[in-house]
1. Quick check: the angle from helix A:531-542's long axis to the longest principal axis of chain A, C-alpha only, nearest 10 degrees?
2. Share of antiparallel DSSP beta bridges in the protein assembly as shown, in percent to the nearest 5?
3. What is the Cα centroid distance between the stretch B:52-66 and the stretch A:411-457, reported in whole angstrom?
4. Would you kindly calculate the translational diffusion coefficient of the stretch B:144-190, applying Stokes-Einstein with the Kirkwood radius from alpha carbon pairs, for 4 °C and a viscosity of 1.567 mPa s, and quote it in µm² s⁻¹ without decimals?
5. Looking at the stretch A:205-324, what % of the alpha carbon pairs are farther apart than 25 Å?
6. Which whole-Hz ³J(HN,Hα) couplings does the stretch A:306-311 yield from phi under the Karplus relation 6.51 cos²θ - 1.76 cosθ + 1.60, θ = phi - 60°, glycine and proline marked x?
7. Need one value for B:25-32: mean number of C-beta atoms belonging to other chains within 10 Å of its residues' C-beta atoms.
8. Roughly how many whole Å is it from the C-alpha centroid of the stretch A:305-382 to that of the stretch A:186-229?
Amino acid sequence: MSDRGNDSFAEIFARLQRGEISRRQFMEAAAGVGIGGAAALFLSRAAGVSAQDASPAASPAASPVGEGGAFTLAEIPVNPGSAQPDADPEATVTFNLGGEIDSGDPQVLAFLNEIEVSSKVYAPLLALDEKNLPAASGAESATLSADGRIYTFTIREGMTYSDGTPCTAKNYAYAIKRALSPVVNGNYSNTLYAITGGQAWREADPNGDPAELKKLEDVVSESIKALDDRTLQISLDYAAGYFPYVMAIWVTYPVREDLVEGKGETWWQDPANYIGNGPFKVASHDDKQQWVFERNESFFRGSPGIKTFVFKEVESPETALLAYQQNEFDLIGPSSSQLQQIEADATLSKELQRTVGANTYWLSMNNSAKPFDDVKVRQAIAAAINREQYIKQIASGVGVPAGTLLYPGNPAYQTTYQQTYDPDKAKQLLADAGYPDGKDFPPQQLYYVSDDAASQQRATFFAQNLNQVLGIKIEPTPIDSAQLQSLRTNRDPSLIFAIGQWFEDYPHPQNWLSLVFGPGTTRAPLGWDDPKFNELVTKADKLPIDQAIPLYQEADAYLAEQAPVAFYLHDENLTLIKPYLKGYVTYPTTVVDTTYQSEKIYRVKG
Amino acid sequence: MFRYIVRRVLWMIPVLWMVATVTFLMMHWAPGSPWDAKSTGGRQLDPALEASFNRQYGLDKPLLVQYGTYLKNAVLLDFGDSYKQRGKSVTEIIGQGFPYSAKIGVLALLLAVVIGVPVGIYAALRHNTFGDYASLFITTISYTVPEFVIAIFLLVVFSVRLGWMPVLFTDWRSYILPAVALGSGSAAYIARLTRASVLEVLREDFVTTARAKGLRNRAVITRHVVRNGMIPVLTVIGPAFAALVTGTIIIERVFGVPGMGRLFIDSITSRDYPVIMGVTLFYAFIIVVCNLVVDIAYGFADPRIRASQ
């Protein structure tokens, strides 16, 4: 067997994502290791045959076929920190949470610190593994109907809450349905709109006609059903390949009906109610000071390596760094402005780790207004941005140049086409568009938030950069942040040239390409409604991730080429971590994963 | 005096109503909404979700109706629930943060008075000597260096270098450095005000008369100079107390104090209307009460003021 033949499917898949192998090589390699399903589906696509024609017997990892089939779930290895020979069994570890959470209710919450807290207590229906592929969690396996609309999850046998109560399909059904309730009014309900009846119920007036509300609720109850204690069935309006990713986010955390109902919106503030099936349980909570968790010894992937997990709430990065230096913190996320100080320190520089963030920044151009209705002008702008210089001068050296919407680490990241800094090409493109050396190019305003120095620096940089390379005049213009937001929200045509960004909700390309630039979006610049792009992402959205990736990659490359916006930056996450912390799992955008595999972290004895 | 106090207390009603009305109007007229991306941490909500939030919090009703509901509830001390910290009442939020801010504020004020007044008197009595210049130099530095710099400086010296205090907010020791950082500016201000005031009183005829009558210098200073020199100081102590006990965002951020200082700024940034209104009214109430206490204290410091009241 060749070296490649020894690779796991996930590794081969990762190579494909990184662009190290072609699709054909991927299929050969996958077939070589007996992963017939995904490869067969790629081959079937290439050969123009339908998915139904591919052999369902090819692999247990096959995508939906025939009457429905097993849905591929990666396995997160059972290897808890407590089982490590060098682990300190009594370890207390303190991380910085930043600010206090506004809500710990999984069906309501929206912010990173809230996810941090709730993910200690609960385990989602599915997880994501370190390659951002759907993996087993509360559900140990899943099947998908042939039309891609009905998911059937088998809940893990013997799984319990930390108080010993069994955690069943009914609990997950209750939680997911609750996330769509108009009374709960959750912030991320719209991620579940593919569920039949979900959107109609969520957007109904909770004070409206009770009979009508009941009807809407009944539709959702029918769509999210616990067939028995171990079987959860969810029906969708349409095939949604991204759905397993949504099942891996906090909206699925199985809050318990008996601990939630009748206890108001702040039910979660009482540790007696905040009981989950996750790796930790709440020991105490001091508002705006700290959350203290104790290990949940009955966690289904084993007893966590950390006995006491503390989240202190320190908002000032300066204070957090001092506390880290004094060993009062074991892990912090320093700010970019501290990078220079950290790199100059012999100890800190060794403890610093960096990962590209799941975010992208861009210069947005009104594609329906002159001169940006000309693709050559947009491409000229994209080629004129000196991204490296921006990172050095404006971003304190933190970040990587962005040449496309998807960040490195997203399953559909591609390198086929990237926008890059090429001043000669930029000049040529602008000349081809009828503006040689910027002559007759109408002056543009680039807004910056008046009370935000960083925003002003950014606008000034782009004005100078574009003027130097293209000879065009860009005027940095101050504006109130709310007014700028209002222009964006209302898609005001007077907003010609602006800065935009997107932060990921879940690492599926649909969350980027389709939601931000796809059909019907209000997030893309005015005038961007490209039939080819829409067709690609609409097709891809319906497919399982392995089949969808080539389409998303094509769409991402096409987007970068058409340049409705000029991408310039993926921010980086900085992490300072003490060397005695071990066992942690690194994800594409996170050095120390605390969302899916925190049970693996441990502190070395001594 | 009793009638005076009752009259002043009754005056608080129109003052607070005015504050509430102006704040309500400004808050709603200011651009932006609680569901803007800026208010929701960068995430732009779908219009349907935005509508559901507006409905939940009554923001879909006419402004006049919202105002009426607000005033009616405010009279009952019900400021509603925060939009951001859902399910938590504004009273609860203020009630949780205020004790921390108040403890640090009282300590800071004590420090400011205990240091500021003697230093001011000393400087005035040693006018144009080395002691006066030295105190002037130190107070100028304390007053002009930003709180943020003082706070970090104190942390570096006492927590990192000497290791006497924890960096993070943990126990009773954690109140000391924030109080010093918060009080240093006020101490400097009080010292300078005391110095100027005492210098002015020292030049008064009644001081010359007291000395001419053969009164001992100590008696002249304590009975006449300091007592009269304290009146302007009392004037500033009222608002200073209100400002110190309601917390400051910078000090609380640096020392990780779970106080209410950051509430004001956070609520404005996130357009959390109930919290903006609640905190503004609470702050206005404390200012009004402090001013009343100061006015009463004037009477004790100077009987002529009591007579005119």
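1. Orientation of helix A:531-542: about 10 degrees from the principal axis.
2. 80 percent
3. 42 Å
4. Taking Rh from Cα pairs, D becomes 118 µm²/s.
5. When all Cα pairs of the stretch A:205-324 are counted, 48 percent exceed 25 Å.
6. Whole-Hz 3J(HN,Hα) from phi for the stretch A:306-311: 9, 6, 10, 10, 10, 10.
7. Going residue by residue through B:25-32 and averaging, the value is 2.
8. 38 Å
Every read-out reported here was derived from the displayed coordinates using simple, explicitly stated rules and does not represent laboratory data. Everything numeric in this text was worked out from a predicted model, so none of it was measured. When we count neighbours, we look across all protein chains shown, and the Cβ atoms used for this are built from the backbone with ideal geometry, even at glycine.
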